[in-house]
Amino acid sequence: MRAAKGKAKSDNGAEKPMPAVRRAGSSVHAHVANEIGLAIVRGDYPPGTILPNETKWAETFNVSRSAVREAIKMLMAKSLLASRPKVGSRVEPRERWNLLDRDVLGWYATSPDRGAFLRTVQEFRHLIEPEATAFAAMRRTEEQMEEISRACRDMNNAPTLEERTRADTRFHLAILRASGNDLLVPLGVLIEQAFDHLFVHVTREGDDLETAQKLHELVEKNIRLQRPDAARAAVRKLLANTDKVVGREPE
């Protein structure tokens, strides 16, 4: 059965064009959830909007109502939607969205507010990374140190921007793991995609990769030499350098 293109209408009558559902490699309801979720995060359906009912979505995507129902459940689990009896599915306020969810992060990163998203990720780094890096300098094991050092070398030797970006993400996640804090380790897994989006932007838009590499190497050196204060200062210099690329105001 071929997916059909169409337009859905919200309760205020505004037409919302929705792309056809692609089914290869994933479930139908996951595709539907992806399209609706992206539209919500993009701002097509502002908080408080009552979404079209199951029948309308089923017609829009040329899928079964049960597939739509499962898609809505997925979005409710991500706190994008709330369901009310006799009312339908309503878009939740942005502050309730689970921004640590990989799908929501991905939608947010490709939304018109992408610049704001990148600055939010960078601000989060300022809150977490300086102390995490200092703890890593105090607590890292030899195995963890090798992981950090390898990622730093891979950044320098990466033949493509994509490989450099992946190594950059590995570098920072390895530091979070080496901090020895049981809360930071799972947090690093959750924000991995956010780091990926940020570092892709920084790598593409930055005009001085040599300076960025030297700053990463300074962080690596001070963790290796177990100098927590120097490691903290080094990562703050690195963050300040990234601030310029994402347009974050210096503190």
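Since every read-out is calculated from the coordinates, none of them should be taken as a lab result. Quantities reported herein were computed from a predicted structural model and do not represent experimental measurements. All Cβ positions, even for glycine, are placed from backbone atoms using ideal geometry, and neighbour counts span all protein chains on display.
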Could you calculate the FRET efficiency of Asn157 with Ser27 from 1/(1 + (r/R0)^6), where r is the beta carbon distance between them and R0 is 35 Å, rounded to 0.05?
0.35
For region 113-246, give the magnitude of the charge dipole about the Cα centre (Cβ charges: +1 Lys/Arg, -1 Asp/Glu; no others), in debye to the nearest 20.
300 debye
Extending each Cα 7 Å along its Cβ direction at Val185 and Leu127, get the distance between those two points in nm, one decimal.
2.3 nm
Length gained if Glu217 through Lys86 is fully extended, taking 0.36 nm per residue and subtracting the Cα-Cα distance, is 41.3 nm
So for the chain, averaging the separation of alpha carbon pairs under 8 Å that are six or more residues apart and normalising by length, what relative contact order in percent results?
17 percent
Each label point is 7 Å from the Cα along the Cα-to-Cβ direction; what then is the distance between the points at Met138 and Asn98, in nm?
3.3 nm
Viscosity 1.567 mPa s, temperature 4 °C: give me the Stokes-Einstein translational D for region 36-158 in µm²/s, with Rh taken as the Kirkwood radius over C-alpha pairs.
74 µm²/s
Would you count, across the chain, every pair of lysines whose alpha carbons are under 18 angstrom apart, provided the pair is eight or more residues apart or spans two chains?
12
Which label in [x] 134; [y] 147; [z] 155 gives the computed volume of the Cα convex hull per residue in Å³
[y]
Would you mind ranking Ile50, Ile175 so that the residue whose beta carbon has the fewest other beta carbons within 10 Å leads the list?
Ile50, Ile175
Quick one: grab the alpha carbon gyration tensor of region 54-123, order the square roots of its eigenvalues as a ≥ b ≥ c, and give me rounded if a/c is under 1.5, else prolate or oblate depending on whether a/b is larger than b/c.
prolate
Could you work out [θ]222 nm for the chain from helices alone, using -39500 (n - 2.57) per DSSP H run of at least four and dividing by all its residues? Round to the nearest 500 deg cm²/dmol.
-20500 deg cm²/dmol
